[in-house]
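Presented below is the structure to which this report refers.
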Amino acid sequence: MLNETSAIENYQAWLNDPNVDEKTKEELRGIADQPKEIEDRFYRDLEFGTGGLRGVMGAGTNRMNRYVIGKATQGFAAYLLKSSSSPSVVIAHDSRNNSDVFSLESACVLAGNGIKTYLFRSLRPTPQLSFAVRDLKADGGIVITASHNPPEYNGYKVYDAAGGQLVPADAEKVIASIREVTSFDQVKRLSREEAEARGLIVWLDADADERFIDAVAAQSVNPELLRGGAGRDLAVVYTPLHGTGDMPVRRVLEKAGFANVHVVPEQERPDGMFPTVKSPNPEEHEAFTLAIALADKVGADLIIGTDPDADRMGAVVKNDEGRYVVLSGNQSGAIMVHYLLSNLKEQGRLPANGAVVKTIVTSEMGADIAASYGCEVFNTLTGFKYIGEKINEFEKTGSHQFLFGYEESYGYLTGTYARDKDAVVAALLISEAAAYYKSQGKTLYDVLLELYKQYGTYLEKLESRTLKGKDGVEKIAGIMSDWRSNPPAEVAGVQVTKVLDYELGLDGLPKENVLKYLLADGSWFTLRPSGTEPKIKVYFAVRKDSLPAAEDAIARLVAEVMARVDALS
């Protein structure tokens, strides 16, 4: 980490660098009398986290801009050229401001290094990028997105030849290559026109979309049921939240037989400012305000929403009082695990070596359901790249057949056509489940209550605290250090039976700065600094015999833990 003097020196270096354009320098001159702003923009280089580079857009080493992206891409190019003399890369981007600019900049830098790039002409979902890397047998991929972050953010994710985000060992090699790029003079770049003329930029056509749509639609569990009328009988409201999901989600649902789909008109068109929501995140209940209003009007059975790059899917259902309630990622995941496995079993297609993969901060409810069907459950660190890595491992060894992977943050995948979470296939699966159970006279909420009765009432909650800037980084580090060195003996009157410090590399997993506390009554909570935002996240989970008991237990657990976190903030 750079000190304040270094931040000012780096600021001056950008102002004096002939490679930096005048518009960027003008932006930097505008903060000349703001030392804290200079420090925040230049005290470090933007670092790879769980999702590659992600940060606020603007000029500076700690910001997302074409220069930071140019250096990252030059490093990625050097990494690729070490293992192949003629590598190729696929690039996609979402609806965020500057995503198209950053996408083309990445392609031009790759072209400057003689690397062929397949480029989409307009926005596409992140899971389609993962699929396209595999489909085109490319050596890597890049997607420009900041997922569900606020409008001022953008990001840069790097993918391997299997279509998965880079795991730590590979990411470290790319990071090492990026660090070797110490000057903008080292960034090789061709113009778009020259790259196209040399065949180093290849624009993808509609056939690439068709192959993705077909691959997703093939994951349907009950296609005959849907074509027989169940798809028409289900009323669905869908919101793409101004992102990339509109075309693929609607096309997949239509292809599957869903003919009664209503799209929220105010949120249909891509818009990087996301004007109708505070945050374009299906984890946020407020994001569904307009969708719920439309659902009330059309009498929808199900509401689904996808984030800007369409890798996260949230669902809203009617509860037993007839009110629309937003399902948590854990609840949706448990319902989909149950629907998928029960139908595969009924159809005689449930493999003996079936596997379900989840993260260490995801509810155990889905794991218990999977185990009841004889499936083995695997836990990974947070980040879907680890779930993708398990799929690769299963295919390489033949040890297991991957059936479903998910994380509490609304990321799901069934099928092996991709190696990243896919809101498109999740929208298909949750809609199919709703249609299937409606044909039996049940809502998805009814199914959830049945699962609670059978497996216990699981309740989870996520709390986070945003701590921005250099001071925030230090505070988050201090919080983790305090909990690590002073673990509680009990919380909310319940004994802490075990502390799992994943920084030690537990259970064969990579080392990561995560602390998980297991309590005597089966409850747990986990502290984890976000890899993509200036936040510390705290995950809570309880299992009780009834919903009131679970709500009371989790409220007491959250209150006590967050009081200590806030005191350290």
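Each value in this text was obtained by applying a stated rule to the coordinates, not by laboratory testing. Treat the numbers as computed from the prediction; the structure is a model and nothing was measured. Note: ideal-geometry Cβ built from the backbone for every residue, glycine included; neighbour counts use all protein chains shown.
Taking only alpha carbon atoms, the range 345-393 gives an Rg to Rh ratio of 1.00, where Rh is the Kirkwood radius.
For the range 35-122, relative contact order (Cα pairs under 8 Å, six or more residues apart, normalised by length) works out to 24 percent. Of all lysines in the structure, those lying under 16 Å Cα to Cα from residue 475, and not within fewer than 8 positions of it along the same chain, are 535, 537. Segment residue 513..residue 269, full-extension length gain: 84.0 nm, with 0.36 nm per residue of separation and the alpha-carbon distance subtracted. Each principal axis of the range 457-568 carries a Cα extent, and these read 44, 30, 24 Å when sorted largest first. Its alpha carbons give the range 211-455 an Rg and a Dmax of 16.7, 51 Å. Peptides 101-110, 496-505, 371-380 ranked from most to least packed by the mean count of surrounding Cβ atoms within 10 Å: 101-110, 371-380, 496-505.
Apply the a/c threshold of 1.5 to the C-alpha gyration tensor of the range 454-499 and tell me whether it is rounded, prolate or oblate. Taking the square roots of the gyration eigenvalues as a ≥ b ≥ c, the range 454-499 is oblate. Given axes a ≥ b ≥ c from the Cα gyration tensor, I'd like to know whether the range 306-351 is rounded (a/c under 1.5), prolate (a/b larger than b/c) or oblate. The shape class here is oblate. Using the Cβ-Cβ distance between residue 259 and residue 352 with R0 set to 35 Å, the FRET efficiency works out to roughly 0.40.
Across the range 138-221, the relative contact order, built from alpha-carbon pairs under 8 Å that are at least six residues apart, equals 16 percent. Could you tell me which of rounded, prolate or oblate describes the range 1-44, using a ≥ b ≥ c as the square roots of the eigenvalues of the alpha-carbon gyration tensor, with rounded for a/c under 1.5 and, failing that, prolate when a/b is larger than b/c and oblate otherwise? Here the range 1-44 falls in the oblate category. Our coupling estimate for the range 64-71, obtained by passing each phi through the Karplus curve with A = 6.51, B = -1.76, C = 1.60 and θ = phi - 60°, is 8, 7, 5, 6, 4, 5, x, 5 Hz, Gly and Pro reported as x. Our estimate of slack between residue 9 and residue 224, defined as 0.36 nm per intervening residue step minus the Cα-Cα distance, is 70.8 nm. Using the Cβ-Cβ distance between residue 320 and residue 560 with R0 set to 35 Å, the FRET efficiency works out to roughly 0.70.
Taken over the alpha carbons of the chain as equal point scatterers, the Debye sum produces base-10 log I(q)/I(0) values at 0.08, 0.10 Å⁻¹ of -0.54, -0.85. A simple spin-label model places the labels of residue 84 and residue 486 5.2 nm from each other, with each point 7 Å out along Cα-to-Cβ. Normalised size of the range 55-210, defined as Cα radius of gyration per 2.2 N^0.38 Å with N residues, equals 0.95. If R0 is 25 Å, the Cβ-Cβ spacing of residue 152 and residue 26 corresponds to a FRET efficiency of close to 0.85. Stretching the chain fully between residue 34 and residue 207 yields a gain of 57.2 nm (0.36 nm per residue, less the alpha carbon separation).
Taking only the Cα atoms of the range 324-441, the ratio Rg/Rh comes out at 0.94, with Rh defined as the Kirkwood radius. With the simple model of a label 7 Å out from the Cα in the direction of the Cβ, residue 19 to residue 197 spans 2.4 nm.
Once backbone amide H atoms are built at 1.01 Å from N, residue 354 has 376, 401 as its partners under 5 Å, excluding neighbours fewer than 5 places away on the same chain.
When DSSP beta bridges are restricted to pairs lying wholly in the chain, around 60% turn out antiparallel. Each residue of the range 126-141 was assigned a 3J(HN,Hα) from its phi angle through the Karplus curve 6.51 cos²θ - 1.76 cosθ + 1.60 (θ = phi - 60°); the sequence is 4, x, 5, 4, 4, 5, 5, 4, 6, 4, 8, 6, 7, 8, x, x Hz, with glycine and proline shown as x. Placing dummy labels 7 Å off each Cα toward the beta-carbon, the span from residue 185 to residue 545 is 7.5 nm.
Diffusion coefficient (Stokes-Einstein, Kirkwood radius over C-alpha pairs, 25 °C, 0.890 mPa s) for the range 182-289: 142 µm²/s, rounded to a whole number.
Distance from the Cα centroid of the range 421-461 to that of the range 121-168 is 29 Å (rounded to whole angstrom).
The relative contact order of the chain, computed from alpha carbon pairs under 8 Å that lie at least 6 residues apart in sequence, is 12 percent. Estimated from helices alone, the mean residue ellipticity of the chain at 222 nm is -12500 deg cm²/dmol (sum of -39500 (n - 2.57) over DSSP H runs with n ≥ 4, per residue). With the cut-off at 21 Å, tell me which of the pairs 278/470; 157/461; 255/385; 358/511; 188/470 have Cα atoms farther apart than that. Those over the limit are 278/470; 157/461; 255/385; 188/470. Excluding same-chain neighbours fewer than eight residues apart, the aspartates and glutamates reachable from residue 438 by a Cα-Cα span under 13 Å are 233, 301, 446. For residue 90, the amide hydrogen comes within under 5 Å of the amide hydrogens of 118, 140, 141, 142, counting only partners 5 or more places away or on other chains and with H modelled in the peptide plane. Couplings 3J(HN,Hα) for the range 479-496, derived from phi with the Karplus relation 6.51 cos²θ - 1.76 cosθ + 1.60 (θ = phi - 60°), are 4, 4, 5, 5, 5, 6, 8, 10, x, x, 7, 8, 9, 6, x, 10, 5, 7 Hz, where x marks Gly and Pro.
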